[in-house]
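Trainee: Quick one: the structure is below, questions incoming.
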Amino acid sequence: GNTDIQTVTLPDTITSIGNYAFQNCSNLTNINLPVGITEIGESAFSSCLKLTEIMLPDTLTTIGASAFFNCQSISDTLNIPASVTSIGQGGLTLQGLTAFTVDAENDYFTAVDGILYSKDMTRLLAYPTEKVTTNFVVPDTVLTIDNYAFRGCTSLQGTLTLSPQLTTIGGGVFYGCTNLTGELTIPASATNISGGTFAGCKFTRFIIEDGNPNY
C-alpha cells in the first residue's frame with residue numbers, strides 16, 4: 001500500500017518475492033526482476049496500477065495467483081520463459097497487453113493467437129486485453145477458463161461461443177466485457193460457473209444446452 005515509492009532495484013541475491021510484497025503500490029512504475037528469481041508470490045504486484053513493464057527472468061518457475069492482478073499500464077507483449085511450470089488463477093490478469101508469447105521449449109504453457117493456454121489446450125489462462133476480436137470462439141479442447149481470464153476485455157466484440165466440453169468458468173471471467181452481446185449458450189458439460197462471471201456483459205439471452213443437470 002505504499003503510494004510514494006516509484007522505482008525499486010532488487011539485488012541479484014533475491015530468489016523469491018513473497019505474497020502481497022508490493023500489493024497496492026499504486027505509483028510503482030519500475031522494478032527489476034533479476035535472474036535468480038524462481039517464485040513470484042500470490043498478489044505480489046496486485047493493483048500496481050502504474051507498473052509499465054514486466055520482464056520475467058529465465059529462472060522463474062512459479063507465478064502465484066493474482067500476482068499481477070489489475071496492473072493497468074503494461075503494454076505490448078509479455079513473454080513466458082521456458083522455466084515457468086506453474087501459473088496460479090488470475091496470475092497474469094493485467095491490462096494493456098496485445099499478446100502473450102511463450103518460449104517454444106516451455107512444456108507447460110503455450111500461446112495461440114496471443115492467448116495464453118496450458119500446453120494441452122485444456123485450460124485458458126488469460127486473454128490480452130488489447131487484442132481485438134469479433135465473435136470469439138473458445139477452442140473445443142478447453143475444459144476450464146481461469147478466474148478473470150477476460151476481465152476488462154472491451155476489445156472483445158460481438159458474440160461468444162463456449163467450448164462444447166467446458167466444465168468450469170472461474171470467477172469474474174468476463175467481468176467488464178461490455179462489448180459482448182447476443183445469445184450465449186451454456187454447454188451441457190458445464191458444472192461450475194462462479195460468481196460475477198458475466199457482470200457487465202450485454203448478452204440478450206442465455207440458452208442452457210439440453211442435458212445440463214446443473215443449470
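All of the numbers you see were taken from the coordinates with simple rules; none came from a lab. Everything numeric here is computed off the predicted structure, so don't read it as measured data.
Trainee: Under 1.5 on a/c is rounded, so check that first for segment 40-80, then, if it is not, pick prolate when a/b is larger than b/c and oblate when it is not; a ≥ b ≥ c are the square roots of the alpha carbon gyration tensor eigenvalues. Can you show the working numbers first?
Mentor: Values: a/c = 2.38, a/b = 1.15, b/c = 2.07.
Oblate is the answer for segment 40-80, as a/c is 1.5 or above yet b/c matches or exceeds a/b.
Trainee: Just need the relative contact order of segment 164-215 here, percent rounded to a whole number, with Cα pairs under 8 Å and 6+ apart. Numbers along the way, then the final one.
Mentor: On the way: 106 pairs, mean separation 23.0, N = 52.
Reported relative contact order: 44 percent.
Trainee: Further question on the same structure: Rounded to the nearest 5, what % of DSSP beta bridges with both residues in the chain are antiparallel?
Mentor: Numbers: 6 of 37 bridges.
The antiparallel proportion sits near 15 percent.
Trainee: Could you grab the relative contact order for segment 1-98? Cα pairs under 8 Å, six or more apart, rounded to a whole percent. Walk me through the numbers on the way to the answer.
Mentor: On the way: 288 pairs, mean separation 23.2, N = 98.
For segment 1-98, the relative contact order is 24 percent.
Trainee: Report the relative contact order of the chain, percent, no decimals, based on alpha-carbon pairs under 8 angstrom and at least 6 residues apart.
Mentor: Details: 670 pairs, mean separation 23.1, N = 215.
After rounding, I find 11 percent.
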